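> Pasting a structure below so you can have a look.
The values are calculated or read from the model by the stated rules, or taken from the named source; none is laboratory data. Keep in mind it's a predicted model, so treat the numbers as computed, not measured. Positions of Cβ are backbone-derived with ideal geometry, glycine not excepted, and every protein chain shown enters the neighbour counts. To get the accessible areas, we keep the full protein, side chains included, count just its heavy atoms, and leave off ligands, DNA and RNA. Shrake-Rupley method; radii C 1.70, N 1.55, O 1.52, S 1.80 Å.
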Amino acid sequence: MNGSLAVNKHNLLEALRGALSADAAVRVPYEAALAAWEAAPGYATALLSVYESPPAGCGGAERLLAVLCLKAAVGRRWNERRSGEPAISDAEKAEVRARLLPATDEREPALASQLVLTAATIARLEGLAAWPALLPALTASCTRPAPLDAARGLSALYRVVKLQASRRLLAHRKAFFALSEQLHAPLASLRTSHARALLGRVQPLLGGPADQPIAGSGAGGEACALLAIKTERQLLLHGYARAHASQAALASVRDFVELAAAASSAELALRRALDACPLAPTAGAAAATADALLTADALLKVALVAAKSLVEVQEVQPLALASCVGRALAVAASELGSRPFCAGAADGSEKLLVRLTTLLRNVVCCASYAAAAPGAHRPHGRPPAPEAVACEVAVRSFVVSSGLASVVHSLVTRALPLGEAELLEYADDPEAWVWEEAASREGASLRRCAERCVCSLAEQAAARAAVQAAVHAAANEAAAAGLASCEAVLRLDGCYAALAMVHGPAEADSLCAVVSALQTHCSAAPPDTAHLLRRRAASLLGHSLSAPELVRTSAHEHASIDGWYTLLGMLLQDPHRGVSLTAAIAIRRLIEASDAVPRTPPLDESCAPAAPPLRRLARVTLVPVLRLALSAREVESRWRLIALAARLISRASPPRAAGAADEDDSACADRAAAVAGWLRAAWSASDGQQLLQEAVLDCAAAALHAISPAQQASSRHSPRALPATAAAAAA
């Protein structure tokens, strides 16, 4: 089709149909014609005509494509991007705005979302001032009595507000501040009414007296509540330079806290009632059960959105929580202790706990609050804001309260243990699971969030002793319960993970007691689950020994350090794949930490406190690591282990004093023969993978260099043994 044809309804409909063809030879010319027409006058209004009054034979696909083409044309041609590049004329813009406004109330979801995005894009490109009719029309549509009609209006308003918030120039920011002042009160009122309507549906479902009918309590009311919260969140995040100076903003944040608590409580009450008293299998009972489940799901969504809003507002406007910090911490603590969830399943309950745990950690660690503490350093000498003082007092009251112990206990015993899904994944493929676990330190799972939260609580000077005592109490409780079941072993495993977090390297005596107790429990656990505790032992040793304070510590400074190195070497040879790989990762972490420790000027071996135990560990673990590398299934896993072997070789070779004589040729030849034997086996096991072959050769080069360090300069360019050995292996 020729793009030079006139833009009319007939040609446009033919091009839209052709562009939907599955045959590329047919489709491409029509797509080119549509792209060429973007610069033609009347193209945007012609597309609107296809949408508004489709001719005979024009189906939903053609209408949707017309709307998509309109959105693309608006994004590319609404304003002149470059000099001489055609843009939509002012007259056509005015017609598009006038005809697009009623289209934002489209009932077909696919069409509605694209039409609303088109209108929001126009409002973003030229500002709301250029389209004065848009905002009054949208706010009026949000207040319609029918919930589904109001939901369409709120959806359109949310899209417009979200794109307005993304405008970053100073003039745009000021315009959005004014928009926030204009919209905040009506939105808060809408959110309150729709949330009350949703919560009001709970009591009749539980068998209690029904409240008076509330507008918005029908189908679609939950969507209205969610959209109102999301829109209000945009105003809180981007509509205030200082949200804590606005009473409306402070009230909204308080309402979010209470809404999260009320929606969560009502959702749990509904689900518990359904579990406790299942209804008879009749048509009416089935409908009532379905209604109760839908209401519970809607309440959980509201709680999730409210919790997410609190997390984001606290990150961007931390002082906006000045009037509700204590209440927010109490809600998070209550949910952590009571809400049932399925670990690792990523269900709604776990997501809610993730958000509340994140909120708790961010509040406790907030620098804006800590700067208001008595005696805190203030570079500019200005007194802290009253809101910051109120937040700091609330946080300090929380970390010294008796409720902190229950929070830590909930985190350690409920969030830190591996879930059933994670355990099955680990049992199915321990190699992949261990490497992924080592890489995903900043994951968004509840277990990762709980780890960060426990560490942050332990870093608070006022709470450190209480956190340690709570973790020890949880560990003692788990140990006293016995290790007969896998669940008990996993709970104890989570406790040991927490013990490693709350005891710093300066507390080496406490760490020694932890390691000793863990060894005892490894022996006492059933054989089919003991490997979980041995894996934890390897992880704990790697975490503790890699601390800079312990990297600098030698065996004669602390007697247990040498035993820890020995234990780590033993775990590397564990028959369970997950344990041995975890030990290998711990050794790699230890070597990386020792490389990062600042070293003042090169010392001889007698003066280097960290060198002898680490060198002994490298010598003991080199062969097991090489064996692990040969038996690894994954290419990346094998490559990482071979790279670790190369580093162990460099650590295992002792430094030579200046002027020391080289070893005789016979000793070097024996070692070179050993390297050649390993190289043949490793080359054969690489299965032609270039990445593995390069890693094998790098490891062999490191080994040959370690055999004769004096040949460093020459071996870097033309090592004599390596080409011959590689050629023999390849043959």
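> Collect the residues in segment 36-52 that are open to solvent by 50 Å² or more (accessible area, probe 1.4 Å) and touching a helix residue (DSSP H, G or I) at 6+ places or on another chain (Cβ under 9 Å), keeping them in residue-number order. So that I can check it myself, show each step before the final result.
The first filter runs over segment 36-52 and keeps only residues open to solvent by 50 Å² or more (accessible area, probe 1.4 Å), leaving 36, 41, 52.
Those that are open to solvent by 50 Å² or more (accessible area, probe 1.4 Å) and touching a helix residue (DSSP H, G or I) at 6+ places or on another chain (Cβ under 9 Å): 41, 52.
> Would you pick out the residues in segment 345-369 that are open to solvent by 60 Å² or more (accessible area, probe 1.4 Å) and farther than 30 Å from residue 417 by Cβ?
Listed by number, the list holds a single entry, 367.
> Give the residue, chosen from 466, 479, that is farther than 26 Å from residue 396 by Cβ, touching a helix residue (DSSP H, G or I) at 6+ places or on another chain (Cβ under 7 Å) and open to solvent by 10 Å² or more (accessible area, probe 1.4 Å).
479
> Just to be sure I understand the filter: pairs with C-beta atoms under 9 Å, separated by 6 or more residues or on different chains, first member in segment 563-590 and at pLDDT 90 or above, second member open to solvent by less than 20 Å² (accessible area, probe 1.4 Å) and acidic (Asp, Glu). Which pairs pass?
Here the result reads 577/431; 578/431; 581/431, each pair linking segment 563-590 to a residue that is open to solvent by less than 20 Å² (accessible area, probe 1.4 Å) and acidic (Asp, Glu).
> Quick check, is residue 533 touching a residue at least 24 places away in the same chain (Cβ under 8 Å), hydrophobic (A, V, I, L, M, F, W, C), under 14 Å from residue 412 (Cβ atoms) and open to solvent by less than 20 Å² (accessible area, probe 1.4 Å)?
Working: touching a residue at least 24 places away in the same chain (Cβ under 8 Å): yes; hydrophobic (A, V, I, L, M, F, W, C): yes; under 14 Å from residue 412 (Cβ atoms): no; open to solvent by less than 20 Å² (accessible area, probe 1.4 Å): yes.
When the stated conditions are applied, residue 533 does not pass them.
For (1) within 27 Å of residue 398 (Cα to Cα); (2) modelled with pLDDT of 90 or more; (3) not polar (S, T, N, Q), each residue gets a yes or a no:
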{"site": "440", "(1), (2), (3)": "no, no, no"}
{"site": "461", "(1), (2), (3)": "yes, no, yes"}
{"site": "474", "(1), (2), (3)": "yes, yes, yes"}
{"site": "488", "(1), (2), (3)": "no, yes, yes"}
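> Okay, next question. Would you be able to say whether some residue in segment 78-95 is of a type in the set (S, T, N, Q), within 24 Å of residue 132 (Cα to Cα), modelled with pLDDT under 90 and buried (at least 18 other Cβ atoms within 10 Å of the Cβ)?
Looking through segment 78-95, none of the residues is of a type in the set (S, T, N, Q), within 24 Å of residue 132 (Cα to Cα), modelled with pLDDT under 90 and buried (at least 18 other Cβ atoms within 10 Å of the Cβ).
> I would also like to ask the following. Check whether at least one residue in segment 126-135 is hydrophobic (A, V, I, L, M, F, W, C) and touching a Phe, Trp or Tyr at 6+ places or on another chain (Cβ under 9 Å), and report yes or no. Write out each step before concluding.
Let us first name the residues in segment 126-135 that are hydrophobic (A, V, I, L, M, F, W, C), namely 128-131, 133-135.
Restricting the remaining residues to those that are touching a Phe, Trp or Tyr at 6+ places or on another chain (Cβ under 9 Å) gives none.
Looking through segment 126-135, none of the residues is hydrophobic (A, V, I, L, M, F, W, C) and touching a Phe, Trp or Tyr at 6+ places or on another chain (Cβ under 9 Å).
> I'm told residue 139 meets every condition in (1) more than 23 Å from residue 235 (Cβ to Cβ); (2) open to solvent by 40 Å² or more (accessible area, probe 1.4 Å) except one. Can you identify the failing condition by its number?
(1)
> What pairs can you find where one residue is in segment 472-490 and closer than 16 Å to residue 534 by Cα, the other is in a loop (DSSP other than H, G, I, E, B) and hydrophobic (A, V, I, L, M, F, W, C), and their Cβ atoms are less than 8 Å apart, with a gap of 6+ or different chains?
Partner pairs satisfying both residue conditions: 483/525; 488/481; 489/483; 489/525; 490/418.
> What's the number of the only condition in (1) open to solvent by 30 Å² or more (accessible area, probe 1.4 Å); (2) within 30 Å of residue 634 (Cβ to Cβ) that residue 430 fails to meet?
If we test residue 430 against (1) open to solvent by 30 Å² or more (accessible area, probe 1.4 Å); (2) within 30 Å of residue 634 (Cβ to Cβ), just (1) comes out false.
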